Amino acid sequence: RLEPHFRPTVVIAAAGGIAGLGLLLLTSVTSWWAYVPVFALCGFGLGLGWTFANIATQEVVGPDRAGEASGVVLTFLVTCGGVGLAGAASIIAALLRSGHSPRSAYDDTLLVFAILSLAASLIVMVIRQLLVRRGLMKPLSMAADGIAGATGDAAGAAAPTEHGARKAADEGADQRSR
């Protein structure tokens, strides 16, 4: 439901921020009952980012290449997860060898990844804003484009998306070739 209103980079950056906030909160949680909502917050952020990465990818490729694009995104995200897990395990092992308690090692590792996630989200939005100011990228809201659903008016319904325009051009070429 967010896709017609916000650009994917905005939602992905917000998702990283939500996940980072969840990781930050995990460092202060001491009750098993408190873990459930905090893990839910982390899962919401990570799931939102994963979903919008797929949506963003599907919008820039044609239907004939959608499977390939989805496979590349999945491979990239799983690889990043594996690298993150290896990094977390290395940090925890190093902290345990240096005399930290297991709780302290886990909290410090979560803090490192929370800071990385929040910093990455902030960097994405700062770079995005610089590109918008230079005219190299469109603004955050899609309402400025007049896309259906973003403004609620009938004028927005006629504005094609990039994928829709490409699809219409492909269909026109198919008809001409027949």
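The values are calculated or read from the model by the stated rules, or taken from the named source; none is laboratory data. As the structure is a computational prediction, the values presented were derived from the model and not from experiment. All Cβ positions, even for glycine, are placed from backbone atoms using ideal geometry, and neighbour counts span all protein chains on display. Surface accessibility is based on the protein's heavy atoms, side chains included, excluding ligands, DNA and RNA. Shrake-Rupley method; radii C 1.70, N 1.55, O 1.52, S 1.80 Å.
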>> I'd like to check something: does region 109-131 contain any residue that is open to solvent by 80 Å² or more (accessible area, probe 1.4 Å), modelled with pLDDT of 85 or more, farther than 19 Å from residue 14 by Cα and hydroxyl-bearing (Ser, Thr, Tyr)?
In response: no
> residue 69 passes all but one of (1) open to solvent by 50 Å² or more (accessible area, probe 1.4 Å); (2) among the hydrophobic types (A, V, I, L, M, F, W, C); (3) touching a helix residue (DSSP H, G or I) at 6+ places or on another chain (Cβ under 6 Å); which number fails?
Replying inline: (1)
> Taking region 24-39 on its own, how many of its residues are closer than 18 Å to residue 92 by Cα and of a type in the set (Ser, Thr, Tyr)?
Replying inline: 2
> Within the group 33, 50, which residue is among the hydrophobic types (A, V, I, L, M, F, W, C) and loosely packed, with under 13 Cβ neighbours inside 10 Å?
Replying inline: 33
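Let's see how each residue does on (1) modelled with pLDDT under 90; (2) touching a strand residue (DSSP E or B) at 6+ places or on another chain (Cβ under 7 Å); (3) part of a helix (DSSP H, G or I); (4) closer than 20 Å to residue 119 by Cβ:
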site: 1; (1), (2), (3), (4): yes, no, no, no
site: 9; (1), (2), (3), (4): yes, no, yes, yes
site: 12; (1), (2), (3), (4): yes, no, yes, yes
site: 22; (1), (2), (3), (4): no, no, yes, yes
site: 29; (1), (2), (3), (4): yes, no, no, no
site: 36; (1), (2), (3), (4): no, no, yes, no
site: 55; (1), (2), (3), (4): yes, no, yes, no
> Hey, among 74, 21, which residue is more than 17 Å from residue 111 (Cβ to Cβ), open to solvent by 50 Å² or more (accessible area, probe 1.4 Å), aliphatic (A, V, I, L, M) and out of contact with any helix residue (DSSP H, G or I) (no Cβ under 6 Å at 6 or more places or on another chain)?
Replying inline: 74
>> Considering only residues that are open to solvent by less than 70 Å² (accessible area, probe 1.4 Å), under 19 Å from the mean Cα position of the chain (by Cα) and of a type in the set (A, V, I, L, M, F, W, C), which ones fall in region 77-108?
In response: 77, 80
